[in-house]
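The values are calculated or read from the model by the stated rules, or taken from the named source; none is laboratory data. These figures come from a predicted structure and were not determined experimentally. When we count neighbours, we look across all protein chains shown, and the Cβ atoms used for this are built from the backbone with ideal geometry, even at glycine. Please note that ligands, DNA and RNA were not included when accessible areas were found on the heavy atoms of the full protein model with its side chains. Shrake-Rupley method; radii C 1.70, N 1.55, O 1.52, S 1.80 Å.
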Amino acid sequence: MKRYLPFLLILTALFYSCTTSTETDDSIASDIPLSTGASVTDVDGNLYKVGFYESEENLINPVVQKFDANGELIWEIEHDRSNVDVRADIITLDAQNRPWVVFRLNGGSSSSSYITLRASSENAFSGVFQPNYGQGGGPTVSLLARLNPENGIIERGTFVTAKLNNGNTNTFQIRGIGVADGFVRVQAESLFRPPHSGASFVPHPEASEFGPCGSFLLQIDFTETLGEIVESHLLTIQEASALPNTVWNADCSIKR
């Protein structure tokens, strides 16, 4: 029996390696439903809607609304009234019935009407992954935010951007969001090197060449406090469209 022992050890090691690899793949595809929609209803029948208004000065201001089960407006907030165009694109709820919103914006501002200052709690952007828009003016980037369901104020928020080699902000657009098991998952498209895992921006080391969709496709898991990216996975369109919860069709279009 002794002469077969090395073979058995090798076989066991190979089995363990395969099992570990499978567990890693499963973590990418774990079951967190994703929203791409502009409305959601909570367990009490309250309806949340997101969108935007166009001002008389042709500026785009985001709006989030909450209606009760009878359709009566409970609150409405424009989270930005600065000279930056901002839209509220996507909304979902977590297990505690708190709304999470994806905002899309194209610049930074020091105005008191800016999205980080106008309707947010005092520490909403403290200790988060990216507390500001970054440097460089015009690219479209995302802001991920948890709102207080009682009044719509931003309780927690982080920007998510790509960055050029010179450190300037570049386009990053979140296409879907889900919250479960202590994580906030987003699927997104990036036009330059996107963030890797960590508590601050580090360019993803595997991002070197776009696929057929013309951008980098990613699935990113944040901690629920938005202080850190736990996992950041680059995906081919074949991988992305085959996930059990995905925002992409096989032709790179977004599911609605």
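Among the conditions (1) over 12 Å from the mean Cα position of the chain (by Cα); (2) part of a strand (DSSP E or B), the only one that ASP251 does not satisfy is (2).
Can you tell me which residues in the stretch 235-247 are open to solvent by less than 40 Å² (accessible area, probe 1.4 Å) and closer than 17 Å to ALA207 by Cβ? Don't jump to the end; show me each part of the working.
Pass one, the stretch 235-247, residues open to solvent by less than 40 Å² (accessible area, probe 1.4 Å): 235, 237, 240-241, 243, 245-247.
Scanning the stretch 235-247 gives LEU235, ILE237, ALA240.
For the stretch 50-104: of the residues being in contact with a helix residue (DSSP H, G or I) (Cβ under 7 Å, 6 or more places away or on another chain) and either assigned to a loop (DSSP other than H, G, I, E, B) or aliphatic (A, V, I, L, M) (or both), which is nearest to ILE254 (Cα to Cα)? Per the stated criteria, the residue is VAL86.
Just to check your reading of the model, which residue among GLY167, GLY176 is out of contact with any helix residue (DSSP H, G or I) (no Cβ under 7 Å at 6 or more places or on another chain), more than 20 Å from TRP248 (Cβ to Cβ) and small (Gly, Ala, Ser)?
Numbers: GLY176 fails: more than 20 Å from TRP248 (Cβ to Cβ).
Result of the check over GLY167, GLY176: GLY167.
Would the stretch 85-102 turn up any residue that is under 19 Å from ILE153 (Cβ atoms) and over 21 Å from the mean Cα position of the chain (by Cα)? Taking every residue of the stretch 85-102 in turn, none turns out to be under 19 Å from ILE153 (Cβ atoms) and over 21 Å from the mean Cα position of the chain (by Cα).
Please go through the stretch 96-154 and pick out each residue that is of a type in the set (D, E, K, R) and open to solvent by less than 50 Å² (accessible area, probe 1.4 Å). Let's see the steps before the verdict.
Residues of the stretch 96-154 that are of a type in the set (D, E, K, R), as a first pass: 98, 104, 118, 122, 146, 150.
Correct list: ARG98, ARG146.
Of the residues screened, THR223 is one that is of a type in the set (Ser, Thr, Tyr) and open to solvent by 10 Å² or more (accessible area, probe 1.4 Å).
Only a single criterion out of (1) within 21 Å of VAL230 (Cβ to Cβ); (2) out of contact with any helix residue (DSSP H, G or I) (no Cβ under 7 Å at 6 or more places or on another chain); (3) in a strand (DSSP E or B) is not satisfied by GLY127, namely (3). At positive phi and surrounded by fewer than 17 Cβ atoms within 10 Å (Cβ to Cβ), is that true of GLY182? Yes, satisfied.
The sole residue among GLY127, GLY136 that is modelled with pLDDT under 95 and more than 23 Å from LEU47 (Cα to Cα) is GLY136.
The residue that is nearest to the chain's Cα centre (by Cα), among those in the stretch 33-46 that are open to solvent by 50 Å² or more (accessible area, probe 1.4 Å) and more than 20 Å from ALA188 (Cβ to Cβ), is SER39.
Of these, VAL160, VAL230, which one is surrounded by fewer than 18 Cβ atoms within 10 Å (Cβ to Cβ), hydrophobic (A, V, I, L, M, F, W, C) and touching a Ser or Thr at 6+ places or on another chain (Cβ under 7 Å)? Step by step, each of VAL160, VAL230 is checked, and only VAL230 is surrounded by fewer than 18 Cβ atoms within 10 Å (Cβ to Cβ), hydrophobic (A, V, I, L, M, F, W, C) and touching a Ser or Thr at 6+ places or on another chain (Cβ under 7 Å).
So, in the stretch 195-214, of the ones that are assigned to a loop (DSSP other than H, G, I, E, B) and in contact (Cβ under 8 Å) with a residue 40 or more places away in the chain, which residue ends up most open to solvent (accessible area, probe 1.4 Å)? The residue in question is PRO212.
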